[in-house]
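Undergrad: Let me give you the structure first, and then I'll get to my questions.
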Amino acid sequence: IASSELNIAQNLNVYPNPTKGLFKVSFVVDKIDNFEISIIDAFGQLIYVENKFDFIGEYTKDIDISTWPRGIYMVQIKNKYSLVSKRIVLQ
């Protein structure tokens with residue numbers, strides 16, 4: 001595992017959790033990288049995806065899932081070498 005991969009895992013924040021619908025995803029990328037942010041529901045269905053190319057710096061995104069069914073979702077950050085997941089609960 002390269003240090004840049006560990007860095008995303010160490011500084012990935014998904015908050016507030018649990019949420020009523022609006023939550024924030026934030027992390028820092030120290031080297032130029034391509035990555036994909038996705039949200040997967042409890043049934044394993046991909047329900048949100050965003051791709052970033054040649055990105056470096058602090059990534060912050062507000063995501064609104066207030067119209068989705070209550071439950072547990074997985075927020076995943078994936079690059080060429082690794083996958084980091086965080087669970088978020090929609091109340």
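Undergrad: Considering Cα pairs under 8 angstrom that are at least six residues apart, work out the relative contact order of the chain and quote it in whole percent.
TA: Working: 196 pairs, mean separation 29.4, N = 91.
That works out to 32 percent.
Undergrad: By DSSP, what percent of the beta bridges with both residues in the chain are antiparallel, rounded to the nearest 5? It would help to have the intermediate numbers written out before the result.
TA: Values: 31 of 32 bridges.
Around 95 percent antiparallel, to the nearest 5.
Undergrad: Hey, can you find the accessible area per residue of the stretch 38-91 for me, probe 1.4 Å, expressed in square angstrom?
TA: Details: 3620 Å² over 54 residues.
Heavy-atom SASA per residue in the stretch 38-91 reads 67 Å².
Undergrad: Can you give me the pair-distance distribution of the stretch 4-91, C-alpha pairs, 5 Å bins, whole percents?
TA: 3, 14, 28, 26, 16, 9, 4, 0
Undergrad: Moving to a separate point now. What list of ³J(HN,Hα) couplings, whole Hz, do you get for the stretch 49-63 from phi and the Karplus terms 6.51, -1.76, 1.60, once you set θ to phi - 60° and write x for glycine and proline?
TA: Values per residue, Gly and Pro as x: 8, 9, 10, 10, 10, 6, 9, 8, x, 8, 9, 9, 9, 8, 10 Hz.
Undergrad: Computing the accessible area with a 1.4 Å probe over protein heavy atoms, can you report the carbon and sulfur percentage for the chain?
TA: That share works out to 52 percent.
Undergrad: Between K20 and K52, what is the label-point separation in nm under the 7 Å Cα-to-beta-carbon projection?
TA: Between K52 and K20, the label points sit 2.8 nm apart.
Undergrad: Right, another one. How large is ³J(HN,Hα) for each residue in the stretch 24-36, as worked out from phi by the Karplus curve 6.51 cos²θ - 1.76 cosθ + 1.60 (θ = phi - 60°), to whole Hz, x for Gly and Pro?
TA: Per-residue couplings from phi come out as 10, 10, 8, 6, 10, 10, 7, 10, 4, 8, 9, 8, 10 Hz.
Undergrad: Also, I was wondering about something else. When the dipole is taken about the Cα centre of the chain, and only Lys, Arg (+1) and Asp, Glu (-1) are charged at their Cβ, what size is it in debye, to the nearest 20? Walk me through the numbers on the way to the answer.
TA: Working: 10 positive and 10 negative charges, 60 e Å.
Computed about the Cα centre, the dipole is about 280 debye.
Undergrad: Excluding same-chain pairs closer than 8 in sequence, count the lysine pairs in the chain whose Cα atoms lie under 24 Å apart.
TA: So the count of such lysine pairs works out to 20.
Undergrad: Over the Cα atoms of the stretch 39-85, how large are the radius of gyration and the largest Cα-Cα distance (Dmax), in Å?
TA: Cα radius of gyration and Dmax of the stretch 39-85 are 12.3, 34 Å respectively.
The values are calculated or read from the model by the stated rules, or taken from the named source; none is laboratory data. Computed from a predicted model, the values in this text were never measured in an experiment. Heads up, the Cβs are rebuilt from the backbone with ideal geometry, glycines too, and the neighbour counts pull from every protein chain shown. What goes into the accessible areas is simple: the full protein's heavy atoms, side chains included, and nothing from ligands, DNA or RNA. Shrake-Rupley method; radii C 1.70, N 1.55, O 1.52, S 1.80 Å.
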